[in-house]
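The structure under discussion appears below in the form of C-alpha cells.
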Amino acid sequence: MDKKKDPDYIAKLEKAIEKKYGSEAIQNPRKYWDEEKEKEYLQQLKIMAENQRVIDEKNEKVEVDGVFISKKLLTRKSEKRICPVCSAYSFEIKDDIYMRKFDCCYECYIEMAVTERENRRKVRLETKQ
Ligand SMILES: [Zn+2]
C-alpha cells in the first residue's frame, strides 16, 4: 500500500509532529507556522518517511550478486531507470543496485572505478620518479 494513503502512517506522522511542535501545530498550522517552520516540518516528514522506508526495506531482502537488497526496492515503480552518466535505459537488477548506490549504471561504475584506479596508479608512478 502507498504509505501516504495509509491512515496509520499519517496518524503516526502527526503524533511525531505534535510531540515536536506542540498540538497547536496540528490543529491550526497557519496560525503558528511560518515559512521556516513549514520547511522544518517538510524536512521532518521526509526524514520520517525515509526512516519508515528503511524499516520496510529491512523486512524483505533478496540476494543479487552477493549483495542483499530489498525486494521492494527492485519492484518500486519510481526507480531510476536512466543512467545520468551514459543515458542508458536499463531494467537490469544489477544496474538498479549501482544506480542506487553510485548514481550510475553498472558499466559506468566499472568505467569510473577503472579510471580512478588508473589515475591513482599514475599518481603513484609519478611520485616515485
Ligand atoms: Zn551508465
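Assuming R0 = 25 Å, can you tell me the calculated FRET efficiency for the pair Met48 and Val85, based on Cβ-Cβ distance, to the nearest 0.05? Numbers along the way, then the final one.
Numbers: r = 32 Å, r/R0 = 1.26.
Rounded to the nearest 0.05, the efficiency is 0.20.
Converting phi to 3J(HN,Hα) with the Karplus coefficients 6.51, -1.76 and 1.60 and the offset θ = phi - 60°, the stretch 105-121 yields 6, 4, 4, 5, 5, 4, 4, 5, 4, 5, 4, 5, 4, 4, 4, 5, 4 Hz in sequence order, with x at every glycine or proline. Under a 5 Å amide H cut-off, with hydrogens placed 1.01 Å from N, Lys61 pairs with Lys71 among residues at least 5 apart or on other chains. Of Lys15/Lys37; Lys39/Lys94; Lys46/Lys101; Lys12/Lys61, which sit over 28 Å apart, Cα to Cα? Exceeds cut-off: Lys39/Lys94. Full extension of the segment from Ala11 to Lys37, taken as 0.36 nm per residue of separation minus the current Cα-Cα distance, would add 7.4 nm.
Sum up the charges of everything whose Cβ sits under 10 Å from the Cβ of Val67, counting Lys and Arg as +1 and Asp and Glu as -1, but leave Val67 out. Mind dumping the intermediate values first?
On the way: positive: Lys61, Lys94, Lys101; negative: Glu63, Asp65.
With Lys, Arg at +1 and Asp, Glu at -1, the net is +1.
Going by a ≥ b ≥ c, the root eigenvalues of the Cα gyration tensor, does the stretch 77-129 fall in the rounded group (a/c under 1.5), the prolate group (a/b larger than b/c) or the oblate group?
Working: a/c = 4.25, a/b = 3.70, b/c = 1.15.
Since a/c reaches 1.5 and a/b is larger than b/c, the shape of the stretch 77-129 is classed as prolate.
Throughout, read-outs are computed from the coordinates displayed, never taken from laboratory work. Not measured: the values here are computed from a predicted model. As a convention, Cβ positions derive from the backbone with ideal geometry for all residues, glycine included, and neighbour counts pool all protein chains shown.
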